1. In region B:39-60, what residues are in a loop (DSSP other than H, G, I, E, B) and modelled with pLDDT of 60 or more?
2. Counting only residues that are open to solvent by less than 40 Å² (accessible area, probe 1.4 Å) and among the basic types (Lys, Arg), how many does region A:81-98 have?
3. Could you grab me the full set of residues in region A:26-58 that are more than 14 Å from chain B (Cβ to nearest Cβ) and open to solvent by 80 Å² or more (accessible area, probe 1.4 Å)?
4. Within the bounds of region A:67-80, is there any residue that is surrounded by 19 or more Cβ atoms within 10 Å (Cβ to Cβ), of a type in the set (Gly, Ala, Ser) and within 14 Å of chain B (Cβ to nearest Cβ)?
5. Which condition number in (1) away from chain A (no Cβ under 14 Å); (2) without any contact (Cβ under 8 Å) to a residue 24 or more places away in the chain is the one that B:Gly448 fails?
6. Of the residues in region A:97-135, how many are within 14 Å of chain B (Cβ to nearest Cβ) and in a strand (DSSP E or B)?
7. For A:Ala91, all conditions in the list (1) more than 12 Å from every other protein chain (Cβ to nearest Cβ); (2) within 30 Å of B:Val673 (Cα to Cα); (3) in contact (Cβ under 8 Å) with a residue 40 or more places away in the chain hold save one; what is the number of the exception?
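The values are calculated or read from the model by the stated rules, or taken from the named source; none is laboratory data. Just so we're clear, the structure is a prediction, and the values are computed from it rather than from any experiment. Here the Cβ positions follow ideal geometry from the backbone for every residue, glycine too, while neighbour counts run over all protein chains shown. All accessible areas refer to the heavy atoms of the entire protein, side chains included, with ligands and DNA or RNA removed. Shrake-Rupley method; radii C 1.70, N 1.55, O 1.52, S 1.80 Å.
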Amino acid sequence: MTMILKLGTLEIPLLAALDLEQSYEPIGGEAIFRTVGGTGLKQATWQKTRITTSGGGWLPAGLESLNVNAQLTLACIVPRAVPAVLATRQATLPATRRTDTGHTPWGIAYLADGSPVNTAATLAGNVATLDAVSGAVAYQALYLPQFTVWAFRPTDSGTRGDASYRWQFVCEEV
Amino acid sequence: MTTRALFHFDTDAPFIDAVGHTVTTTGTPALSTATGQFGDGVFQHDSGGYLSIAGSDLVVQSWESYTIEARVWVASGNASSDQMFWIATDDWHMKLGIYRYANDPYWYVLASNGSAGALLSNTPLDLFDQAVHIAVCRDGSGTVTFWVNGANHGTEAATAAETDAYLYIGAISAAHPIKFEEVRFSTQALLYSAPFTPPSAPFLPANPAVLVGEEISLPLNVTVGEIGAPALPLHVAVGETGTASLPLSVSVVPPGLLLGTQSVCIGQGTDGAIWTAIVTLDAVDVTSRVVGEITVDAEEGTARIAEFTLRPANGTVVDLSAYTGRPVTIDVADASTGTPRYAQRLFSGVIDTPDLDTASRLLSFRCTDDLQGRCEALDNATLSALIGGYASSAVFDAAARGWSFANDQLSTVPASLDISPLGQLRLTPWAAKSVADLVLDDTRVRDGSLGVEIADRAGLVNDVTVEFDYRFPRVKAEMYRVEYEAVNMTGFAQWILDGNYFIQRAQVEAALESAGATIDQITYTPLPTTIIAVGSGYFTPSAADLELCMGFLARVTFDYAQTTEEQHRIRVSNALSIAAVGARQSTLSGALEGEYPDLLAVESGIRMYKAEITKTPPKDMANAVVDSTTSVDATVTSETDRAAANAAMEALIAMAKVQIHASHRRNRVSASVPLIPALDLDKTLRIAADGVAAQGKCARVAHRLSLETGEAISEVQIAVCALAGTGIVHDDTPTAAPDGTTAGTTMLTGLPQVVFNYGATQDHIITITFPGVEEAERANAVVALPSSIAAPIDENEFTITVEP
């Protein structure tokens, strides 16, 4: 099943997102205090995520229909990974993830030669248990993040010459 | 230790778990009306009745220790049935219970070994109809031990973790109910590993939270670190009639945070620090609306100031004036677990100035701890008890109150008054402690932030002249002996033949009185009382002779009042400072005049009394001594007497000492460190970094918290007093007024002169003249009294080593 990027009630059509890029940037207070002795002391406060999504395709995305003055749910399309404990093949995933059909977590098993093998994941709460893969030396649980965000007003453009359209929107976790 | 379930069983319908789980009942467990050891009742289950709670936090990991404990009452009698109750998980891997065999006069504590099996206490128990403390403890390796009233009743190795997310309290079957109260289940808690005294108070959770309708007692343990009396000052202000409440907040934090050796803004070990601020406005948490930087600035002698900015929610109606005076608190807390903990107060105060930026929609607040206002609300007795010092209506304004009075007192005390972050008024001596409360070294001081400011010579004071003039009246009395013999019996006959006159007694008294003297005593040499042959005739005594005399001896006094002026010139100085930098002089002055009725009226009153014209003795009168001038200090008002003069001089001396000390502690060493809430104006700090080693009282601390950049900084300044080197002890003369003059007695040096014109052709007038006031007595009117007082200063560590 093809994964679909969603923002609020808007599902970005596949033809509008043939080329898609999504970046996750942590935002929040973070500083390193350097002492006279040269030691660095790290200080941090809250941490949220800024998600920048851009894409393009043969059709416009329809982002102008979004009400950016309300909080929206951003169901992301670029997966993130959490290493699993080898012995138990378990990893605790963040609660803020997609659970819709076709977008549930899955696993990757790494063989000794580094090659990855897809494997299924079973969820119990936020704990994902990956199916065993023979010869695996490491496992990773992958998931698609989902955030409640404030969206900045999107931008879009198009090129008549090659009938292509590009769009971008930036969201920040509430 | 984390408490997972806690039941006091003081109420039912519903039963309450103090940790917060929803309690489900099965069957009809009920609250007994029997009186429990604590609270209102006990839980008594009936046959098949039990409580249950559920939650993922009830799962025990294989490596976790836990403790289940309860206080139970086992009823005596009934030998026919088992009596059992359980505190257990659904699969029985974790349980504590009571077991009694049929017809067995005893009972056993029952615990789990990690499997579905059960262990019985190794000793049968004959403890009926009384509160018994029972507990089962499992350590991290799985060994289970159970305890009865603090004694070990069995140990067994066990294995399994507890993955069941349920807990049951109640009966599987019971013919005779067990009563129990106080049930607690805690993980990461091996509470009992050696014989112990059972708790005598209701169980407390690791993080006490009192639910609505529930009461708990919170034992308070105050440890006194040094000789003295622990004090818990409380101040309750009742604004209107009714019942005053005293909300009490208790925050348990690791001791390192209180001492400053740790900070929520400094990570532990290899972890970074994740911190957050907690800002409340009018008791409402507004942290989520705070933007920008929060600053808290405290400096000696001024109120603590805080500033922060809020972004109100859209649609908020803002009434700026309504914010003024609203209470504000600012805390900093650890946020590494996602939930703020170990909150420490940085500021308590009120909003002084609200401001709205209409362009950015930001509300900014400047807040104060209202040091001046707090002092204004206190009476002088309270301020005096807090500050101490020297008071004098001759030096300070007697009508001063509140902040003005406090400043007057503070001018005589080498200390600073401020309000703590928790809102308590406190006095901190300038003298640094011998051992610093906190050391800020290379591991704390920000690179490039160290600053040193040396006090300029022009601002130094080491030689203060206190000029104090005290004028007051003294009552004096001169007593002269006046002795005169005009004629004696040897020349008596010739005296008469010569036609000379005898002295009239009345003339003598008139002459004395016209000279201004008061006759104290007078005796006359009478004329003969027998017939004396005179030439060819005779002298025959007559009644008129009683008015005459041949001579007299009198004691007379002159009473007068004199204003004495003592001119005290007290030099308060520090010799070592003068030797080092030369004399840097200053002057303090004051004066006092003794209040007394008009002196002329006083003198008249004495004379009238001595002349027995009036029977009312004067208030003050010198006791005359012959051939002497005696004096006595007049009784002046209590506001102007010797004690008041001494108090004034002591206040001035104290002010001079404070002036000298203050001028020498203007050296400042400053540094920036990661925010340490314990840094405050009452601390002695040692800064040892980058070649600078200095110790002194904290004179200023500014906390800056930026939630957006993540930076939390404390900028500190210490006041360093350094002159001759650490360890040097300066001379210190006690602050005491110098002695003044004393009323005394001096000898009269002059003599009265008596002239009697006794010849037949003379005027027969007797004239008596007395010397004027003794020159020495006249000189006593103005007396110069110089004295010296040594004023000490501290010697703090202060070295600077230039390093490559």
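1. Hits for region B:39-60 are B:Gly49, B:Gly55, B:Val59.
2. So the count comes out to 2.
3. A:Trp58
4. Among the residues of region A:67-80, not one is surrounded by 19 or more Cβ atoms within 10 Å (Cβ to Cβ), of a type in the set (Gly, Ala, Ser) and within 14 Å of chain B (Cβ to nearest Cβ), which makes the answer no.
5. (1)
6. 2
7. (2)
For every residue, the table says whether it meets (1) crowded, with 23+ Cβ neighbours inside 10 Å; (2) within 12 Å of chain A (Cβ to nearest Cβ); (3) assigned to a loop (DSSP other than H, G, I, E, B); (4) in contact with a helix residue (DSSP H, G or I) (Cβ under 8 Å, 6 or more places away or on another chain).
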position	(1), (2), (3), (4)
B:Leu258	no, no, no, no
B:Cys265	yes, yes, yes, no
B:Asp271	no, yes, yes, no
B:Glu293	no, yes, no, no
B:Val296	yes, no, no, no
B:Ala303	no, no, yes, yes
B:Thr309	no, no, no, no
B:Pro312	no, no, yes, yes
